[in-house]
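Take a look at the structure below.
The values are calculated or read from the model by the stated rules, or taken from the named source; none is laboratory data. These figures come from a predicted structure and were not determined experimentally. Using ideal geometry, Cβ is built from the backbone for each residue, glycine included, and neighbour counts are taken over all protein chains shown.
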Ligand code: AMP
C-alpha cells in the first residue's frame, strides 16, 4: 500500500495539528508555515490526491469545502477579504498530494500571486 500522506496521518490522529474545524466530511487546521496571519488548510477526509483526481461524485464534497472556508473566514473575522487557493500538481507548487484548500487572510493580498 502507498505511504500515507502527512494529511492522512493528521486525519487518522497519528500526528498532531492545530485543528480549527471538523465535521464528517472535512477537517481544517493551521498551516505549519503560514504565509499570512490566518493560513488554514481545509481538507476532505476522503483521500483525493489533487483536483486532477476528482470524479463527478466529488462535486458536492468540493462545494462543501468552500462552505467550510466561508464558515472559518467568519470565525477568524476575515472581514477585509480572504483568498482560497488549491495548488494542483508539482508545477503549481503542490507538495502534499491530498487535496487541500488554502485559506489565507489577515493581511493585504496582492494579485497576481507568484
Ligand atoms: P501545497 O504546497 O499546496 O501542497 O501546500 C501544502 C501545505 O501544507 C504547505 O503550506 C505546508 O506548509 C503545509 N504543511 C505541511 N505539513 C504540515 C503539517 N504537518 N501541518 C500543517 N501544515 C502542513
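For the stretch 4-21, which residues satisfy the criterion of being away from the ligand (no atom under 11 Å from the Cβ) and within 12 Å of the chain's Cα centre (by Cα)?
20, 21
Would you be able to tell me the number of residues in the stretch 21-37 that are surrounded by 18 or more Cβ atoms within 10 Å (Cβ to Cβ) and in contact with a helix residue (DSSP H, G or I) (Cβ under 8 Å, 6 or more places away or on another chain)?
Selection size over the stretch 21-37: 4.
Need the failing condition index for residue 33 against (1) free of Cβ contacts under 8 Å to residues at least 40 places away in the same chain; (2) closer than 24 Å to residue 110 by Cα; (3) within 13 Å of the chain's Cα centre (by Cα), just the number.
Condition not satisfied by residue 33: (3).
On the basis of being surrounded by 13 or more Cβ atoms within 10 Å (Cβ to Cβ) and within 11 Å of the ligand (Cβ to nearest atom), does residue 45 make the cut? Before the answer, list the steps.
On the way: surrounded by 13 or more Cβ atoms within 10 Å (Cβ to Cβ): yes; within 11 Å of the ligand (Cβ to nearest atom): no.
Against the criterion (surrounded by 13 or more Cβ atoms within 10 Å (Cβ to Cβ) and within 11 Å of the ligand (Cβ to nearest atom)), residue 45 does not qualify.
Looking only at the stretch 94-114, filter to residues that are assigned to a loop (DSSP other than H, G, I, E, B) and in contact with a helix residue (DSSP H, G or I) (Cβ under 6 Å, 6 or more places away or on another chain); which one of those is nearest to residue 53 (Cα to Cα)? So that I can check it myself, show each step before the final result.
Initially, the stretch 94-114 is screened for residues assigned to a loop (DSSP other than H, G, I, E, B), giving 94-100, 106-114.
Add one more test, that the residue is in contact with a helix residue (DSSP H, G or I) (Cβ under 6 Å, 6 or more places away or on another chain), and what stays is 96, 98.
Working: 96: 14, 98: 10 Å.
For the stretch 94-114, the residue satisfying everything is 98.
Return a yes/no flag: does the stretch 70-86 have any residue that is within 16 Å of the ligand (Cβ to nearest atom) and out of contact with any strand residue (DSSP E or B) (no Cβ under 6 Å at 6 or more places or on another chain).
no
Tell me which residues, restricted to the stretch 61-93, are crowded, with 18+ Cβ neighbours inside 10 Å and assigned to a loop (DSSP other than H, G, I, E, B).
Hit for the stretch 61-93 is 78, nothing else.
Given the structure, is residue 8 modelled with pLDDT of 95 or more and not in a helix (DSSP H, G or I)?
Values: modelled with pLDDT of 95 or more: yes; not in a helix (DSSP H, G or I): no.
No, not satisfied.
Pick out the one residue from 58, 52 that is assigned to a helix (DSSP H, G or I) and either surrounded by 16 or more Cβ atoms within 10 Å (Cβ to Cβ) or touching a residue at least 40 places away in the same chain (Cβ under 8 Å) (or both).
Working: 52 fails: either surrounded by 16 or more Cβ atoms within 10 Å (Cβ to Cβ) or touching a residue at least 40 places away in the same chain (Cβ under 8 Å) (or both).
Matching residue, one of 58, 52: 58.
Can you find a residue that is assigned to a helix (DSSP H, G or I), touching a strand residue (DSSP E or B) at 6+ places or on another chain (Cβ under 6 Å) and either modelled with pLDDT of 95 or more or within 16 Å of the ligand (Cβ to nearest atom) (or both) anywhere in the stretch 24-41?
First pass over the stretch 24-41, keeping only residues assigned to a helix (DSSP H, G or I): none.
No: the stretch 24-41 contains no residue that is assigned to a helix (DSSP H, G or I), touching a strand residue (DSSP E or B) at 6+ places or on another chain (Cβ under 6 Å) and either modelled with pLDDT of 95 or more or within 16 Å of the ligand (Cβ to nearest atom) (or both).
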